[in-house]
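Input: a single structure, listed below in structure tokens.
The values are calculated or read from the model by the stated rules, or taken from the named source; none is laboratory data. Predicted model only: the values in this text are computed from it and were never measured. With ideal geometry, Cβ positions are generated from the backbone for all residues, glycine too; neighbour counts draw on all protein chains shown.
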Amino acid sequence: MADVDGAAAVPGTVTVPVSGMTCTSCERRVARSLLSLPGVEDADVSSRTGRAVLTVTQVPPRESLRTALQTAGYGLGRSPWVSRERSVWRTVGLFAVAMGGAVWLALSAGLADLPSRLTDPAAGGLALVVVLGLTAGVSTCMALVGGLVLGVSASHAATLAADETSVPSLATRMRPHLAFNAGRVVGFGVLGALLGALGATLSLPTRAMGILVLAVAVVMALLGLRLTGISPRLAGWTPTLPTGLGRALGIDAAAGGSYSDVRAALLGAATFFLPCGFTQAVQLYALSTATPVSAGLIMATFALGTTPGLLALAGVPEVATGPRRSTVLRAVGVAVLAFAVINTLGGLRLLGVDPTSGRYAAGQHLSTNVTVADGVQTVRMTQTPTGYIPADTVVYAGTPIRWLVDATSFIDCSAFLRVPDLGVSVNLAAGTNTINLPALPPGTTTFTCVMGMYTGHLVAVRPPAAAGSGSS
């Protein structure tokens, strides 16, 4: 028996290539339509492979298959790797330019350090924790938690739209996000209490965080590709890559009862471990109480403060209905892809891989913020809400380093300094922090914040023959 697409078939089966499938509900719609054809007894449909394997007593005519698929809203044939629809590229391009312009304006207006200016450490207590939570909900932490929420929200909205004949209620559309945030508040409280009881931070090693961030970036990238529609074939991978995580994220949400409030809540609780400067600052504050009740209350209050921002973000694709839905989802897809790029770079830096580290050449002069005395070189640097000044420093190879970092803000990502290649992990306190580093070999050593968002380099060069002591 020959397949519809020309390949050899197992006796009693026929393989049909299907274009346009991106989700579980797509698979069900295709299966229902194909099962209505005479001679088709079973249909195993996969959006990831873009195929339907039919168990048949007789092979349906090609035109019958084409008509059945078109009736369900899909096509006969493989989805292309790259969309050929000009409207898709036009919409995506416009939103990408608009987003780039908005980021440029925000940076030009000095809004990058706005979260730090909105929070006053002198306020103290739960009032500060609430403000930190509200600020974290619209801060750089959006690259992780917000990007994930935004992608899941848009995926859920698209699934509901494909699976329902009428527009679902707002409560139905927002249900996963209410469960997510409820789980986040309760989970942060429970894990915060455990934090207070253990008397030590519950955080992953730097390289493990890098792997986690990269995994999140992969999920975001697949979600973004699906939502923008720029790669129809890759869009079909979204529900099943990786399978377990896809189910946990609710990518199969609302699909035949596969959605679970408990699963969404557990995902919210798990964000406790994502590397965000605000979260870790509050974790340290909770840790300092050394009591489970106080630590749990602090972390739950912080999570509650992040709820308005996360719910507002989730609502963008969920409330879109009618003809404007596809446009809104493409715009959200652009944002999710941008978050995926940011997280990919951050994850690579946490793993010690920095695409920008190769631009330094040996033979540069010692930086002006470095002094050498008694066989030790002292490096002075300032931590700010937007990174490190200077970000790049030339030091001598073969000489131990006394690194003095003046911290100006303890709640930002940059306050959680990591040197992956050396295994150094330091949470900067207000004022001057001393970090002792071993002698570096010639080359570039990258340091970064806990999210990999802000980075810098120690460029070790061979000292001149006459340079053994003294000042520079």
Across (1) assigned to a loop (DSSP other than H, G, I, E, B); (2) touching a Leu at 6+ places or on another chain (Cβ under 9 Å), Thr448 clears everything bar (1)
Looking for something out of contact with any Phe, Trp or Tyr (no Cβ under 6 Å at 6 or more places or on another chain), within 28 Å of His365 (Cβ to Cβ), surrounded by fewer than 22 Cβ atoms within 10 Å (Cβ to Cβ) and of a type in the set (Gly, Ala, Ser) - is there at least one such residue anywhere in region 412-423? no
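Residue-by-condition table, conditions (1) at pLDDT 80 or above; (2) surrounded by fewer than 21 Cβ atoms within 10 Å (Cβ to Cβ); (3) part of a loop (DSSP other than H, G, I, E, B):
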position	(1), (2), (3)
Gly333	no, no, no
Val341	yes, yes, no
Thr344	yes, yes, no
Gly352	yes, yes, yes
Gly363	no, yes, yes
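Looking at region 20-31, can you tell me whether even one residue there is surrounded by 15 or more Cβ atoms within 10 Å (Cβ to Cβ), over 24 Å from Ser231 (Cα atoms) and not assigned by TED's automatic domain parsing to the domain that holds Arg233?
no
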All but one of (1) within 26 Å of Arg226 (Cβ to Cβ); (2) crowded, with 20+ Cβ neighbours inside 10 Å; (3) in contact with a helix residue (DSSP H, G or I) (Cβ under 9 Å, 6 or more places away or on another chain); (4) at pLDDT 90 or above hold for Asp44; state the number of the condition that does not hold. (2)
Considering only residues that are part of a loop (DSSP other than H, G, I, E, B), of a type in the set (A, V, I, L, M), touching a strand residue (DSSP E or B) at 6+ places or on another chain (Cβ under 7 Å) and closer than 23 Å to Gly398 by Cα, which ones fall in region 426-442? Leu440
Of all residues in region 26-53, which are part of a strand (DSSP E or B) and of a type in the set (Lys, Arg)? Arg51
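Kindly establish whether Ala96 is modelled with pLDDT under 85 and of a type in the set (Gly, Ala, Ser).
For Ala96, the condition - modelled with pLDDT under 85 and of a type in the set (Gly, Ala, Ser) - is not met.
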Has region 139-147 got at least one residue that is among the aliphatic types (A, V, I, L, M) and modelled with pLDDT of 80 or more? no
Tell me which of these Glu63 doesn't satisfy, since it passes every other one: (1) in the same structural domain as Arg32 (by TED's automatic domain parsing); (2) surrounded by 12 or more Cβ atoms within 10 Å (Cβ to Cβ); (3) at pLDDT 85 or above. (2)
For the subset of region 451-468 comprising residues that are in a loop (DSSP other than H, G, I, E, B) and either of a type in the set (S, T, N, Q) or touching a helix residue (DSSP H, G or I) at 6+ places or on another chain (Cβ under 8 Å) (or both), which member is modelled with the highest pLDDT? Tyr454
